[in-house]
1. Residues A:Asp63, A:Asp106: which one is within 14 Å of another protein chain (Cβ to nearest Cβ), surrounded by fewer than 24 Cβ atoms within 10 Å (Cβ to Cβ) and over 23 Å from A:Thr233 (Cα atoms)?
2. Taking the range B:56-81 only, how many residues are within 21 Å of the chain's Cα centre (by Cα), closer than 22 Å to A:Ile130 by Cα and either more than 12 Å from every other protein chain (Cβ to nearest Cβ) or without any contact (Cβ under 8 Å) to a residue 12 or more places away in the chain (or both)?
3. Considering each residue of the range A:160-174, count those that are within 11 Å of chain B (Cβ to nearest Cβ), assigned to a helix (DSSP H, G or I) and surrounded by fewer than 24 Cβ atoms within 10 Å (Cβ to Cβ), and give that number.
4. Looking only at residues that are in contact with a His (Cβ under 8 Å, 6 or more places away or on another chain) and either within 7 Å of chain B (Cβ to nearest Cβ) or within 15 Å of A:Arg62 (Cα to Cα) (or both) in the range A:110-133, which one is surrounded by the fewest Cβ atoms within 10 Å (Cβ to Cβ)?
5. Scan the range B:98-131 for residues that are of a type in the set (Val, Ile, Thr) and outside any helix (DSSP H, G or I) and jot them down.
6. From the list B:Ile251, B:Ile242, B:Ile256, B:Ile269, which one is crowded, with 16+ Cβ neighbours inside 10 Å and part of a loop (DSSP other than H, G, I, E, B)?
7. Would you mind telling me which numbered condition in (1) surrounded by fewer than 20 Cβ atoms within 10 Å (Cβ to Cβ); (2) in contact with a Gly (Cβ under 6 Å, 6 or more places away or on another chain); (3) within 11 Å of chain B (Cβ to nearest Cβ) A:Gly99 fails?
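The values are calculated or read from the model by the stated rules, or taken from the named source; none is laboratory data. Because the structure is a prediction, the values reported are computed rather than measured. A quick note on method: Cβ atoms are made from the backbone with ideal geometry, for glycine too, and the neighbour counts reach across all protein chains shown.
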Amino acid sequence: MKNIDIKELEKISNEIRKKIINQVYNAQSGHPGGSLSCTDILTVLYFNQMNINPKEPKNPDRDRFILSKGHAVAALYATLAQKGFFEEEELLGFRKIDGKLQGHPDMKNVPGVDMSTGSLGQGLSVSNGIALASKLDKKEIRVYCMLGDGEIEEGQIWEAAMTSAHYKLDNLCVIVDNNNLQIDGEIDKVMNSYPIEEKFKSFGFHTITINGHDFMQIIEAFEEAKKVKEKPTAIIAKTIKGKGVSYMENKVEWHGKATNKEEYQKAISELMKK
Amino acid sequence: MLNYKIYYINNKDRKENKSIMEEKVKIATRQSYGEELANLGKENENIVVLDADLSTATKTNIFAKKFPNRFFDMGIAEQDMLSTAAGFAAYGKIPYVSTFAVFAAGRAYDQIRNSICYPNLNVKICATHSGITVGEDGATHQMLEDIAMMRVLPNMKVFSPSDDVQTRWIIREVSKIEGPVYVRLCRLASPKIYSENETFEIGKAKQIGDGIDATVISTGITTNEAINAKKQLEKEGIFIRILDMHTIKPIDEETIIRCAKETKKIITIEDHSTLGGLGSSVCEVLSEKYPKKVVRMGIKNKFGKSGKAEELMKYFKITTQDIIEEVKKI
């Protein structure tokens, strides 16, 4: 385990949250809720866990991260900018006609984006492909795939889950961002994907349920996943949609809505205090 | 086409019994694909093959037998398979992916669009069992819309070889193209058209003959029908030429326009819907660049049905005789 400075990680994740709020406000478009819910996990991945180098975004030996819930791209762009994959100014072009940063992840034009996603349910299959290919080449690469708890209503996720276990992809770690909300409401009211842990377990995954905002728990779960052999791991991260901005927390309307000026200032001032 | 003797030949037969090749041999393009893919696998270790529980029918089982560690059976899960192939390509492998055309282009369309074409990933989709010549399995298994669906996707290139030699060439050639390709293959055994040393060029139609009474533009399994029609018409003093369109996208605009200028009539024929396929591609070119009437032969806004392949070709009017009649119409 690398040196852990929880305070430092908290500081970084707070910076990433500000960047998310800035991007969505600036674009007047985007998905703040599901971006803020997965921010702490992304922080741990990019600043504690993954073998990556912002100067070599295409290094074939790097670990991979696939944001299958592609609408949370503001969190990914913010994390990549924070890590130095590209200049922070690029974030101003988020979702804009003359900007580089498309509304959903685009691997062709953004350094650090490992896969283009957006149509839900496809990222786990892609992750399996990368995990299989790296095993074929006997490379020690870890592949991380983040799914939404609404996203797993897509049937392809379970085709892919079968594949992950069938091919014993122990270099694969799935994270389910379980914020309990999807566009039309609470997960269990719209289309119940629970029990999530039991589902992945029965598909042949090693499963761990954690508080997705507790840095120690996140780190320990990733460390545990690395030790699992012959099986993929699924981390069910209990999270809060809109985490970090009081009026967005657990509010479904902030799935895909931009703040007005007043809301923006309130969000930033809340994050400044942390 | 019914009077040829059918041989299902494999590599072993090829080596041991050369005399087979000298007779009029029939071989399905899926068989040519399977054999050539296995040959290619030996030369290029970067190639991996994925199939969805149909490897004995798509003939990827030949590769699987030779290179078991580079063959991945994905089970009956085509959407997962296409996105997994995208992952292999994102990593740097060259995945060849096979299943029936209806399950590749149809069932996994969104995966092809969003996971493969949008990021321009190097996935080779080789789909077998296209068209009504699938035969007895009927409409659910007869893909008549795949050319239409695949050619509208940005970054995608679409190929539809007409015989064994052309299939082997295209299977090799697409491994050199960086980006997604769709290769349309057939279940039905069909005669060899070209000699082993024939050459082809991506995006360039193969012109057979230079008659001026009509140009018959064909792709895939109907090309042999067109060739037979050409021979029979010659006996009656009618001279046509054939454009064998192995590349549907990018389409060979130059040759289409030249033939429209040089010949009296343009007829297209395909074992595919007349909506959106080869015929539509030709119409798009001519209506913009050299307006001329085009007759589109193919399946007219219908689903297929069960029957023997040859019976279905007659039923849907895509045989030698149908071409002859169309050429003779004023």
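1. Sole residue among the options that is within 14 Å of another protein chain (Cβ to nearest Cβ), surrounded by fewer than 24 Cβ atoms within 10 Å (Cβ to Cβ) and over 23 Å from A:Thr233 (Cα atoms): A:Asp106.
2. 2
3. 2
4. A:Gly118
5. Of all residues in the range B:98-131, those of a type in the set (Val, Ile, Thr) come to B:99, B:102, B:112, B:116, B:123, B:125, B:128.
Once the filter is applied, which keeps residues that are of a type in the set (Val, Ile, Thr) and outside any helix (DSSP H, G or I), the range B:98-131 yields B:Thr99, B:Val123, B:Ile125, B:Thr128.
6. Only one candidate passes the filter, namely B:Ile251.
7. So A:Gly99 meets the others, but not (3).
Residues checked against (1) free of Cβ contacts under 8 Å to residues at least 60 places away in the same chain; (2) of a type outside the set (Gly, Ala, Ser); (3) not assigned by TED's automatic domain parsing to the domain that holds B:Lys124:
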site: B:Ile170; (1), (2), (3): no, yes, no
site: B:Glu173; (1), (2), (3): yes, yes, no
site: B:Asn197; (1), (2), (3): yes, yes, yes
site: B:Thr222; (1), (2), (3): no, yes, yes
site: B:Ile227; (1), (2), (3): yes, yes, yes
site: B:Lys235; (1), (2), (3): yes, yes, yes
site: B:Ile240; (1), (2), (3): no, yes, yes
site: B:Ile248; (1), (2), (3): no, yes, yes
